[in-house]
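Engineer: Please see the structure below; I have some questions.
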Amino acid sequence: MKNKVNEIKISYKEYVSSPAWQKIQNSHDAAELLFDLWNKDSIEVHEAFKVALLNNANKVKGIYQLSQGGITGTIVDIRLLMAVVLKSLTVAIILCHNHPSGQLKVSKSDIDLTEKIKKAAQYFDIRVLDHLILTPNGEYYSFADNGLL
């Protein structure tokens, strides 16, 4: 009897409403794209964490939702994040999560998580360009714009 091994496959789902291979030039571009793709029915109900996957020209290859949590937090497994980034041959990422409360205040855990992801990404020469916090009313906070990256 032969041993069986599961095959791992990467797939992409095209969103007709999102511009294909949109280039991100600044935090506003990234926030606008991510907010447009966020589920407006749940953005003020629970926290979620997504990552924008970019090529070397900062064009978006895709958006991946890594986790969905409760009212005040969500779990981010860095191993799963890096698996998605590596499998998609991504060279730069933009991290993003929402604050259902509408508060743009950065928490210590937000900063710690960002640093941990940056450190992991550096081993693979992957650039962390920004970490955005979105609110239900469309406002955002950029770690890069505020010197936290």
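Derivation of every value follows stated rules applied to the coordinates shown; laboratory data play no part. Since the structure is predicted, the reported quantities are computational estimates derived from the model, not experimental observations. With ideal geometry, Cβ positions are generated from the backbone for all residues, glycine too; neighbour counts draw on all protein chains shown.
Engineer: With N denoting the number of residues in the chain, provide Rg(C-alpha) divided by 2.2 N^0.38 Å, to two decimal places.
Structural biologist: Here the answer is 1.06, to two decimals.
Engineer: Here's something else I'd like to know. Within 14 Å, Cβ to Cβ, of A120, how many net charges do the neighbouring residues add up to if Lys/Arg are +1 and Asp/Glu are -1?
Structural biologist: Neighbourhood net charge equals +1.
Engineer: Below 13 angstrom from the Cβ of G138, what's the summed charge of the other residues (Lys, Arg +1; Asp, Glu -1)?
Structural biologist: Counting the neighbours of G138, the net charge comes to -3.
Engineer: As a footprinting exposure proxy, order H99, H131, H46 by other Cβ within 10 Å, with the fewest listed first.
Structural biologist: H46, H99, H131
Engineer: Taking DSSP loops as anything outside H, G, I, E and B, show the longest stretch in the chain free of GluC sites (Glu not before Pro) there with at most 11 other beta carbons within 10 Å.
Structural biologist: Excluding the exposed sites themselves, the longest stretch runs over 15-149.
Engineer: Could you check the simple spin-label distance between E115 and L80, using points 7 Å along Cα→Cβ, in nm with one decimal?
Structural biologist: With each label point 7 Å from Cα toward Cβ, the separation is 2.5 nm.
Engineer: Sort out the exposed loop chymotrypsin sites (Phe, Trp or Tyr not before Pro) in the chain (DSSP loop, at most 15 other Cβ within 10 Å) and tell me the longest stretch that has none.
Structural biologist: 22-122
Engineer: Could I ask something else about it? Can you give me the orientation-averaged projected area of the convex hull built on the Cα atoms of the stretch 36-124, in nm²?
Structural biologist: About 5.9 nm², averaged over all directions.
Engineer: Taking the simple approach of a point 7 Å from Cα along Cα-to-Cβ for both E44 and L89, what is their distance in nm?
Structural biologist: With each label placed 7 Å out from Cα toward Cβ, I get 4.3 nm.
Engineer: For each of D41, D112, count neighbouring Cβ atoms within 10 Å of the residue's Cβ, then give the residues from fewest to most.
Structural biologist: Listing D41, D112 from fewest to most nearby Cβ atoms yields D41, D112.
Engineer: In debye, nearest 20: dipole of the chain around its Cα centre with unit charges on the Cβ of K, R (+) and D, E (-)?
Structural biologist: Computed about the Cα centre, the dipole is about 760 debye.
Engineer: Using a Gaussian network model on the chain with a 10 Å cutoff between Cα atoms, which of S27, S67, S109 fluctuates the most?
Structural biologist: Among S27, S67, S109, the largest GNM mean-square fluctuation belongs to S109.
Engineer: Continuing with the same structure: Name all residues of the stretch 24-68 having a backbone nitrogen under 13 Å from the label point set 7 Å from the Cα of Q103 along its Cα→Cβ direction, giving them as ranges.
Structural biologist: So the set is empty, nothing qualifies.
Engineer: What is the spin-label model distance, in nm, from H28 to E7 if the labels are put 7 Å beyond Cα along the C-beta direction?
Structural biologist: 4.7 nm
Engineer: Right, next: Kindly work out what percent of the DSSP beta bridges joining two residues of the stretch 75-149 are antiparallel, to the nearest 5.
Structural biologist: In the stretch 75-149, approximately 30 percent of DSSP beta bridges are antiparallel ones.
Engineer: Full extension from L148 to Y123: what is 0.36 nm times the residue separation minus their Cα-Cα distance, to one decimal in nm?
Structural biologist: Computed gain between L148 and Y123 is 7.0 nm.
Engineer: Of all the stretches in the chain, which is the longest one without any exposed loop site, taking trypsin sites (Lys or Arg not before Pro) in a DSSP loop (any state but H, G, I, E, B) with at most 14 other Cβ atoms within 10 Å?
Structural biologist: By the stated rule (loop sites, at most 14 other Cβ atoms within 10 Å), 41-104.
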